[in-house]
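Data first, discussion second: the structure below is written as structure tokens.
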Amino acid sequence: MNGTLTLVRLALRRDRVLLPVWIVVIAGLVTVSASAIAELYPHAGQRIALGVTIGATPALQALTGPVFDAASVGGLTAWRATTMASALAALMSILVVTRHTRAEEETGRAELLGSCVVGRQAVPAAAVAVAVTANAVITLLITVGLAGQGLPAAGALAFGAAVGGTGWVFTGVALAAAQLTTHARTASALACATLGLAFLLRALGDAAKAEALAWSSPLGWAQRVRAFAGERWWVIALFAVTALALVAAAALLARRRDLGAGLLPPRPGRPDARASLAGPVALAWRLQRGGLLGWAVGFAIAGTLFGALAHSLGDLVADNPHMAALLARMGGTDALTDAFLTAELSVLALVAGGYAVQATLRLRGEESALRAESVLATAVTRRRWSLSHLALALGGSALIMSVGGLSAGLAHGLRIGRPAGQAARMLGAALLQVPATWTLAGIAMLLFGLLPRLTALAWAALVAFALLAQLGELLQLDDAVMNLSPFSHVPQTLGRPVDAGPLLGLLLVTAALLAAGIVAFQRRDLQQE
Amino acid sequence: MANSPAVLITGLTKHFGKVHALDGLDLTVRTGEVHGFLGPNGAGKTTTLRILLGLLRADAGHTELLGGHPWRDAVELHRRLAYVPGDVVLWPTLSGGEAIDLLGRLRGGLDRQRKAALLDRFGLDPAKKGRAYSKGNRQKVALIAALASEVDLLLLDEPTSGLDPLMEATFREVIAEERTRGRTVLLSSHSLAEVEALCDQVTIIRDGRTVETGTLAGLRHLTRTTISADLDHVPHLLNELAGVHALTVSGSHVSFQIDGEHLQTALRLLTDAGVRQLTCRPATLEELFLRHYQAVA
């Protein structure tokens, strides 16, 4: 453990901008949600009415979880912001831990450090210390922010600890993932897939009122801390114990491998390239196909689960006579199912936007690793090289949305006896979302061309669009603000005529962003980190 | 075209923010020669090569590569050259053999027989994945990919910095063959023995400027010769002679360094003093180097 403190200082120096931004955004989000709810629903009666609507809308519960106490501002804030803040804290922890462990080993910097007076476990210990501390600061800021608005202090603390606790658990998940693979990208993909699975399990459990399913996910625990609704403090201990167990498991894994190696030994490859590996597109496909396959599998699973669930929701709600009346007013069971499926498709579209950003930013990854230099020193133009990875970004996001839509449609269709019709309908609805995901590729490409050192802003844009989608209605934001997000322009309802205008607009904007990005890249110097 | 130089750079400047990476650099590489490109770390060698490749854009100065413009005509020029970077980074999931084939195809063609022969000579296992290679083996991958391509010009950035002495010897043999095949080579290097063995012409740069350029013989002429002699009597005029440096006298034995243009006068003085024994050593490239490198401080 020798040298851990020095490494912590090094990590804080490297993350001096990124980490505070994460912390402030996550804590700010919770605080803003609370004040918006207090302002928009000042009377307990209004809040209870909102709670009833939520109870009748499985799509909402899938996104944000159950309401435990609709009467209080705190209870509604916990319903609205817990999942969002916890998922973001988990994401932050994954990125911080991977960046300071496996990425360091991959670049060989850990070797340099390892040769100094630095203990064997100092690198992972420092990464964990930074992530755990960042989550503790988030807990503290949320507690202060909510209590400062006059909400009960105990609930505020429970809320903060639920968010920070989720962050701790995923600190452990990321550390364990970093031991398994030799690649930082694979390690963070593995940890993010775990986060995705946790979200999925919780969403299904909450929408279908299957408590056991919801309890299988740390994001479900965060809800079930029941902040402002009879706090269950032992759940916080569950977070801590799980996080410790994961860190211990990672330490055991680490002891069984060498620096830089994974647990799985590398296999030899071909001595010659296949004839097909002959151009930039073939190279981009070769580099990205594994990741794309992972995304497609994830979308197939998510689509199937949501599709299989959709039909049960109507029954579930209709069992409750109070809900049934409300349901009839909202347009009947079909409308409920369609609303649920549409909501799930928009969540998938946001995630697919993440794929589009990641696939586009592969350009930057290749550039800063100096591999772009080798390719661009051959007879390949910068435009052709850019287009090769963009083809993967655009084609890949269309592909995974199709997979998600098709599997949701098939699963839903099989339950109601019309698989082909539902599959076609859901495929169409999923494809309508594609132009919005492409806009994110356009934003990432423009940043790559103009501000290669700030390409992380593309992720910030994605988070901002996700927050607009999640919070825009609650905060009753102006249309002008909502329209900043490409996802606001996607026709949101199944079974209504589609207005092609906004979609064409999105395509035009995307084309302009991509073209500007390519031109800017053609004019600039190649830059390392 | 045959008579125009492969590389012609005059007054090249490149700034990164406030850092002047290149500050009026000149470099001429004639077609068919092996040109040594020397300079201390951070002198601007890699920056120069990156500008020649159109990866960086020059701020000012004239740059001509194979008769074309490195930035404007990049793709046409890249069909006729191959580059070995100083830091070879491979794709972790591609094998070395795949990377060689891929880079060759992206350049427009690869001589398969030559690839096989080079793999054999450099003793490289092409089936290993990129992440499994050592620095030296990564360099071999890039070298084989470059040498097996049918190109006119090789741009090599410290290509032997990770190779073991045996492989350095192989590298020298291969480059000597390339020269007889008429290829032009621009070789940035820190290995003086390598430059002495391979290069027809040498350019030394420092702080982004050219400080010496010419043939090795020509450069030596400008430098000092070290003389040590045993004499019948020590001429007292010796320490007053122009161009004498680091004179030491012990009994009848003298040793000193002498500037090239005063060599003849000094030798005449020594013969007049009765030479019993004489050794005369030309400046090594190392001395040449140190003279320029140390002047940085």
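Some observations on this one:
- One residue from A:Val30, A:Val73, A:Val117, A:Val52 being over 24 Å from the mean Cα position of the chain (by Cα) and modelled with pLDDT of 90 or more: A:Val73
- Residues considered: A:Val32, A:Val97, A:Val67, A:Val21. Of these, the only one that is more than 30 Å from A:Leu180 (Cβ to Cβ), out of contact with any Cys (no Cβ under 6 Å at 6 or more places or on another chain) and part of a helix (DSSP H, G or I) is A:Val32.
- Selection count, segment B:106-127, where residues are more than 13 Å from B:Thr170 (Cβ to Cβ) and surrounded by fewer than 20 Cβ atoms within 10 Å (Cβ to Cβ): 9
- Subset tally (residues that are of a type in the set (A, V, I, L, M), within 22 Å of A:Pro42 (Cβ to Cβ) and touching a Gly at 6+ places or on another chain (Cβ under 8 Å)) for segment A:123-163: 3
- Candidates A:Leu450, A:Leu446 - the one that is within 30 Å of B:Ala74 (Cβ to Cβ) and in contact with a Leu (Cβ under 6 Å, 6 or more places away or on another chain): A:Leu446
- Test: B:Ala99 is touching a residue at least 24 places away in the same chain (Cβ under 8 Å) and in contact with a Lys or Arg (Cβ under 7 Å, 6 or more places away or on another chain): no
- Test: residue in segment B:6-16 that is farther than 17 Å from B:Thr213 by Cα, in the same structural domain as B:Leu186 (by TED's automatic domain parsing) and small (Gly, Ala, Ser): no
- On inspection, B:Thr170 fails the criterion of being among the hydroxyl-bearing types (Ser, Thr, Tyr) and touching an Asp or Glu at 6+ places or on another chain (Cβ under 8 Å).
- Checking segment A:464-473 against the condition returns a match, with at least one residue being under 18 Å from A:Met445 (Cα atoms) and modelled with pLDDT of 85 or more.
- Test: residue in segment A:133-142 that is within 25 Å of A:Leu348 (Cβ to Cβ) and in a helix (DSSP H, G or I): no
- Hits in segment B:23-41 - residues which are out of contact with any strand residue (DSSP E or B) (no Cβ under 7 Å at 6 or more places or on another chain) and of a type in the set (D, E, K, R): B:Arg30
- Among the residues of segment A:486-529, those identified as outside any helix (DSSP H, G or I), without any contact (Cβ under 8 Å) to a residue 24 or more places away in the chain and away from chain B (no Cβ under 14 Å) are A:Arg496, A:Pro497, A:Asp499.
- Counting only helices (runs of 4 or more DSSP H) that sit completely within segment A:374-472, those holding 3 or more residues that are within 14 Å of chain B (Cβ to nearest Cβ), touching a residue at least 60 places away in the same chain (Cβ under 8 Å) and not charged (D, E, K, R) correspond to A:382-416.
- Of all residues in segment B:16-25, none satisfies being in contact with a Pro (Cβ under 9 Å, 6 or more places away or on another chain), more than 11 Å from chain A (Cβ to nearest Cβ), charged (D, E, K, R) and assigned to a loop (DSSP other than H, G, I, E, B).
- Lone qualifier among A:Ala187, A:Ala203, A:Ala237, A:Ala243 - being surrounded by 24 or more Cβ atoms within 10 Å (Cβ to Cβ), modelled with pLDDT of 90 or more and small (Gly, Ala, Ser): A:Ala243
The values are calculated or read from the model by the stated rules, or taken from the named source; none is laboratory data. Since the structure is predicted, the reported quantities are computational estimates derived from the model, not experimental observations. Note that each Cβ is placed from the backbone with ideal geometry, even for glycine, and that neighbours are counted across all protein chains shown.
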